[in-house]
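Presented below is the structure to which this report refers.
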Amino acid sequence: MKKNFVLSHPKKPYQRLIEEAKNEVKQYIKAERNKALPEGADFWGFNCKFGQVADKARAIHEGDINANISSAQSQHWKSFYLEVIPTPKQRAKRSEDE
């Protein structure tokens with residue numbers, strides 16, 4: 001998902017647009033996690049970028065998406081760019097010392 005979320009609408013309040021954006025991202029991640037994993041992968045990881053525009057988007061952790069959207073809300077951004085790319089990943093083996 002590579003998307004610009006516009007936070008202005010003639011009939012919807014600003015807060016509702018923020019909640020719709022958060023919900024859309026949550027639904028997308030849920031749908032991607034339910035897809036079949038390729039051979040050798042343990043789980044779906046997500047490479048995420050967030051910013052006011054695509055050119056200035058910075059990498060963020062998947063768990064920080066809602067916090068970044070809330071930050072954009074507190075700064076009254078008119079739009080924001082979010083990129084969420086699913087990536088098959090493997091769990092790291094723990095060493096015997098731990």
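Computed values, structure above
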| read-out | value |
| --- | --- |
| Every pair of residues 6+ apart whose Cβ atoms lie under 6 Å, when the first sits in segment 45-63 and is without any contact (Cβ under 8 Å) to a residue 40 or more places away in the chain and more than 16 Å from Trp77 (Cα to Cα) while the second is assigned to a strand (DSSP E or B) and basic (Lys, Arg) | Ala59/Lys49 |
| Single residue of Glu20, Glu62 found to be among the acidic types (Asp, Glu), surrounded by 10 or more Cβ atoms within 10 Å (Cβ to Cβ) and touching a Phe, Trp or Tyr at 6+ places or on another chain (Cβ under 6 Å) | Glu62 |
| For Val25: the one exception among (1) surrounded by 13 or more Cβ atoms within 10 Å (Cβ to Cβ); (2) of a type outside the set (Gly, Ala, Ser); (3) farther than 20 Å from Ser74 by Cβ | (3) |
| Among the residues listed as Ser74, Ser70, the single one being surrounded by 11 or more Cβ atoms within 10 Å (Cβ to Cβ) and polar (S, T, N, Q) | Ser70 |
| All positions within segment 50-65 that are under 11 Å from the mean Cα position of the chain (by Cα) and either among the acidic types (Asp, Glu) or farther than 25 Å from Pro13 by Cβ (or both) | Ala59, Ile60, His61, Glu62, Gly63, Asp64 |
| Residue list for segment 77-98, restricted to those being within 19 Å of Gly40 (Cβ to Cβ) and either surrounded by 14 or more Cβ atoms within 10 Å (Cβ to Cβ) or of a type outside the set (A, V, I, L, M) (or both) | Pro86, Thr87, Pro88, Lys89, Gln90, Arg91, Lys93, Arg94 |
| Segment 57-98 - residue that is polar (S, T, N, Q) and at pLDDT below 95 and, of those, nearest to Glu20 (Cα to Cα) | Gln90 |
| Segment 28-53, residues that are hydrophobic (A, V, I, L, M, F, W, C), surrounded by fewer than 14 Cβ atoms within 10 Å (Cβ to Cβ) and in contact with a strand residue (DSSP E or B) (Cβ under 9 Å, 6 or more places away or on another chain) | Leu37, Phe43, Val53 |
| Residue that is nearest to Ile85 (Cα to Cα) [pool: residues in segment 6-17 that are touching a residue at least 24 places away in the same chain (Cβ under 8 Å) and surrounded by 11 or more Cβ atoms within 10 Å (Cβ to Cβ)] | Val6 |
| Criterion (under 20 Å from Ser8 (Cβ atoms) and either touching a Ser or Thr at 6+ places or on another chain (Cβ under 7 Å) or outside any strand (DSSP E or B) (or both)) met by exactly one of Asn68, Asn47 | Asn68 |
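The values are calculated or read from the model by the stated rules, or taken from the named source; none is laboratory data. Quick caveat: nothing in here was measured; it's all calculated off a predicted structure. As a convention, Cβ positions derive from the backbone with ideal geometry for all residues, glycine included, and neighbour counts pool all protein chains shown.
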